[in-house]
1. With N set to the number of residues, divide the alpha-carbon radius of gyration of segment 10-151 by 2.2 N^0.38 Å and report two decimals.
2. List the trypsin sites (Lys or Arg not before Pro) within segment 254-344 that DSSP assigns to loop and that have no more than 13 neighbouring Cβ atoms inside 10 Å.
3. Treating only the Cβ atoms of Lys and Arg (+1) and Asp and Glu (-1) as charged, compute the dipole magnitude of segment 9-121 about its Cα centre; round to the nearest 20 debye.
4. In nm, to one decimal, how far is the modelled label at ALA221 from the one at ASP81, with both set 7 Å along Cα→Cβ?
5. Rounded to the nearest 0.05, what FRET efficiency do THR355 and TRP302 have when you use their Cβ-Cβ distance and R0 = 41 Å?
6. Using a Gaussian network model of the chain with C-alpha springs under 10 Å, which one of THR159, THR329, THR180 is most mobile by mean-square fluctuation?
7. Given an 8 Å cut-off on Cα distances and at least 6 residues of separation, report the relative contact order of the chain as a percent.
8. Charges at C-beta only: +1 for Lys and Arg, -1 for Asp and Glu. How large is the resulting dipole of segment 158-244 about its Cα centre, in Debye rounded to 20?
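What follows is calculated from the coordinates using simple rules that are stated; it is not laboratory data. The shown structure was predicted, so the numbers you read here are calculated from the model rather than taken from an experiment. Ideal geometry is used to build each Cβ from the backbone, glycine not excepted, and the neighbour counts take in all protein chains shown.
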Amino acid sequence: MNTSYDCVVIGGGIVGAATTRALAARGRRVLLLERAMPVSEASGAAAGMLAPQLEVQAGDPLLPLAIAARQYYAELVPELDRRTGVNVGYCLGGSLQVALDAGEAAALQAQVAAQTALGLKAEWLPREALARRQPGIGPEALGALLAPDDARVNNVTLTAALLADATRYGAEIVDHEAVTEVVVSSGRVTAVATPRRRYGTGAAVVAAGAWSPSLKGLPRALPIEPVRGQIAMVTWPVGEPPGVLFGRHLYVVPRGEDAILGSTMEQAGFAKDTTAGGLARIFAGTIALLPVLAAQRIHRTWAGLRPVTPDGRPVIGADPEVAGLWYATGHGRQGILLGPITGEIIRDLLLDGATRWDLDACAVTRFAAAA
Ligand SMILES: Cc1cc2nc3c(=O)[nH]c(=O)nc-3n(C[C@H](O)[C@H](O)[C@H](O)COP(=O)(O)OP(=O)(O)OC[C@H]3O[C@@H](n4cnc5c(N)ncnc54)[C@H](O)[C@@H]3O)c2cc1C
């Protein structure tokens with residue numbers, strides 16, 4: 001062991017990148033270790049929706065954090081732009097959750113009422129208003145929940161910008177170096193080990209996405225599973241205003257000149273294949289939302305693995321038994337939304353010993369309690 005770090009972050013996705021940047025910005029000596037290339041897993045595969053009002057129901061304990069995570073982007077994006085010059089493709093413009101039958105329309109109208117009661121902006125657009133906003137909307141659409149404060153971002157360039165900025169703040173980033181073990185001695189983290197060497201540190205942040213449970217040395221099993229999501233990218237239809245459309249877990253998200261069509265939720269182990277069946281479901285569902293998509297050219301298809309916990313909420317915070325062990329993982333369907341604020345939270349906990357967020361719903365101990 002010849003070098004010592006204040007903190008070693010394990011994993012170069014959005015969560016590891018944001019955490020590394022946040023700690024390095026406060027002058028800490030931080031090392032990020034990435035098994036392959038940064039941004040090569042879920043954080044590179046995602047659709048980039050910042051849509052807490054579609055993804056998190058009113059009443060879910062995660063909602064306040066998810067809303068704050070969306071707001072935090074308004075602060076983060078100009079700062080990253082100023083410091084790195086990278087265009088992270090951040091667009092405000094809202095999102096629409098489309099009702100395709102009467103039951104869905106009733107449920108979405110109830111969500112509008114519940115969200116409005118919480119002080120969030122949400123509106124029910126009947127079919128005519130929806131068609132004025134999105135003229136190509138499919139004939140089955142009865143109306144939609146409009147969340148006007150929702151946004152979207154290019155998750156690939158965003159994560160790259162976070163990493164670039166972390167480096168500018170002095171962090172070290174090493175790729176193609178897989179962590180095998182978090183080394184714990186007398187109840188404290190003392191190092192992080194790879195097949196090549198040991199990196200001495202008093203703090204380790206587990207941010208290895210779907211692979212987090214495989215790290216040796218953790219004092220508990222992490223119930224995080226890979227859930228595959230397939231995506232197709234087509235050209236955005238000329239004449240159709242760009243907008244995020246979401247219906248029955250399938251969505252259309254504009255990205256530059258293109259449209260991202262997603263996504264499946266599949267338990268297929270660590271296989272990142274795209275399949276005929278998966279893509280067929282995506283095309284059928286998204287063409288129902290926006291029929292004009294049927295004529296669009298397919299540019300690319302891919303798949304990524306979401307790190308998903310049994311209750312769909314992330315694991316954020318300290319291990320109660322091992323000093324210096326931190327979890328920032330299991331972000332499921334919302335890691336692009338929640339990744340940047342997770343970095344801020346881990347920084348506050350690690351450096352100041354406190355956060356203003358109630359993280360009970362994200363504590364690692366909740367799984368033991370449920371068992
Ligand atoms: C198809 C799809 C669409 C999505 N769309 C959205 C969306 O619109 N909005 C949203 O908010 N979220 C979305 N998500 C979810 C989001 O992408 C994830 O929650 C988020 O990227 C998780 O980030 P992460 O950094 O935890 O994991 P990852 O991005 O998977 O990064 C983990 C990193 O750890 C590395 N690693 C693993 N093991 C080791 C090891 N032993 N040593 C070192 N490094 C290791 C991996 O190589 C990887 O780079 C989507 C996900 C998918 C798959």
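1. 1.28
2. When the trypsin sites (Lys or Arg not before Pro) of segment 254-344 are filtered for loop state and at most 13 Cβ neighbours within 10 Å, ARG297 remain.
3. It works out to roughly 680 debye.
4. That separation, rounded to one decimal, is 4.8 nm.
5. Rounded to the nearest 0.05, the efficiency is 0.75.
6. Maximum among the listed residues: THR180.
7. This gives 24 percent for the chain.
8. Magnitude of the dipole: close to 460 debye.
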